[in-house]
Amino acid sequence: KTNGKLTLYMGLGSFVIMIAYVTLFPTIANQNMDQLLKSMPEGVLKAFNLSDGMGTLNGFLNAEFYSMIYLILLIVYSVSTATHLVARLVDRGSMAYLLATPNSRLRIIFTQILFLFTGLLFISVCIVLGGWISDTWLIDKSMLDINIFLKINLIGFLTFAVISAYSFLFSCLFNDEKRAVSISAGLTIIFLILDVVSRVSEKLDWLRNFTIFHAFDPAKISDGTADVFSLSIGLAVSALVLLIGAMFVFKRKDLPV
């Protein structure tokens, strides 16, 4: 119940934000924004997913939603929820009450994992529904390429599944809540900075090999140059391996009671 409030607020907030962006687009489209973007440096356009322009609804969402707001919302959810589900309980002594119940450690940790990813899926579904409903019912003419839209959200979900998984692993490794959240958040922010910097110049493109956000590139997904199938398999396997590691750590570690 405690973590459910954050999940609910994140889901509903994402739903409302997506509706706002889609309904705003027809007004923005009339302002000929692409002409303004042509005057900007190419590195800046790539850094903020503006290389495809904002002449289409998908391009507009890539630039205005998926380049920053989407990332911030799901980083906050992934890191904070993963930390609350284990490290906070251990740090505050609440885990002792769960361990005292007639449930195995594996069942307890699997339940926590199930909640973490159910919440992530809920937020992702809210975003998809917000885009689809507003495009279908709230604007005069459908402008959203739903196939591309779904692919972007699939890769986004799987990317943050990996982030949630390593945050959960750190939550199982450390008994101190502050230490767990600091490492998870710090690593994720470093990944985000490396991704932005790598887009600014071709000379720095190699930095993308060291960031999880290399997989989440809405512009490449939109123009068809990203291998969505391979990315999906790679991200799903990575998340699964990290979660298995987290379960193993939690099962074997000595917990303060």
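The values are calculated or read from the model by the stated rules, or taken from the named source; none is laboratory data. Keep in mind that this is a model prediction, so the values were computed, not measured. For neighbour counting, all protein chains shown are included, and Cβ atoms are generated from backbone atoms with ideal geometry for every residue, glycine included. The protein model used for the area step is the full one, side chains on, heavy atoms only, and it has no ligands, DNA or RNA in it. Shrake-Rupley method; radii C 1.70, N 1.55, O 1.52, S 1.80 Å.
Please give the peptides 128-135, 157-164 ranked by average Cβ packing (other Cβ atoms within 10 Å per residue), highest first, as a rough proxy for protection.
Packing order, densest peptide first, comes out as 157-164, 128-135.
Per-residue accessible area for Tyr21 at 1.4 Å probe radius, Å² rounded to 10?
40 Å²
Which of Leu242, Leu204, Leu61 moves the most in a Gaussian network model of the chain with Cα springs under 10 Å?
Leu204
Given springs between every Cα pair under 10 Å in a Gaussian network model of the chain, which of Ser182, Ser230, Ser201 has the largest fluctuation?
Looking only at Ser182, Ser230, Ser201, the largest GNM fluctuation is found for Ser230.
Given the whole protein assembly as supplied and a 1.4 Å probe, what does the accessible area of Lys141 come to in Å², nearest 10?
Lys141 exposes around 150 Å² with every protein chain in place.
Is the C-alpha gyration tensor of the stretch 151-227 telling us rounded, prolate or oblate? Criteria: a/c under 1.5 is rounded; beyond that, a/b larger than b/c is prolate, otherwise oblate. Please list the in-between numbers first.
Working: a/c = 3.59, a/b = 1.65, b/c = 2.17.
Because a/c hits 1.5 or more and a/b fails to exceed b/c, the stretch 151-227 counts as oblate.
Per residue of the chain, what 222 nm ellipticity follows from adding -39500 (n - 2.57) for every DSSP H run with n ≥ 4, rounded to the nearest 500? Walk me through the numbers on the way to the answer.
Values: 12 runs with 186 residues, N = 257.
Estimated from H runs of four or more residues: -24000 deg cm²/dmol.
Over the chain, give the accessible area per residue in Å² for a 1.4 Å probe, as an integer.
51 Å²
Of the candidates Ala236, Ala180, Ala100, which one comes out as most mobile in a Gaussian network treatment of the chain with C-alpha springs shorter than 10 Å?
Judging by the Gaussian network model, the answer is Ala100.
Of the accessible area of the chain, with the probe set at 1.4 angstrom, what percent is carbon plus sulfur?
Numbers: 8680 of 12990 Å².
Carbon and sulfur together cover 67 percent of it.
Could you tell me the distance between the Cα centroids of the stretch 1-21 and the stretch 160-179, to the nearest Å?
22 Å
Alpha carbon centre of the stretch 200-257 versus the stretch 110-157: separation in Å?
Spelled out, the Cα-based centre of one part sits 19 Å from the other.
Accessible area of Ser232, 1.4 Å probe, to the nearest 10 Å²?
Its heavy atoms expose roughly 20 Å² to the probe.
Which order do Leu71, Leu187 take when ranked by solvent-accessible area (1.4 Å probe, heavy atoms of all protein chains), largest first?
Leu187, Leu71
Looking at the square roots a ≥ b ≥ c of the eigenvalues of the Cα gyration tensor of the stretch 105-257, which shape do they give, rounded for a/c under 1.5, prolate if a/b is larger than b/c, or oblate?
Cα axes put the stretch 105-257 in the oblate bin.
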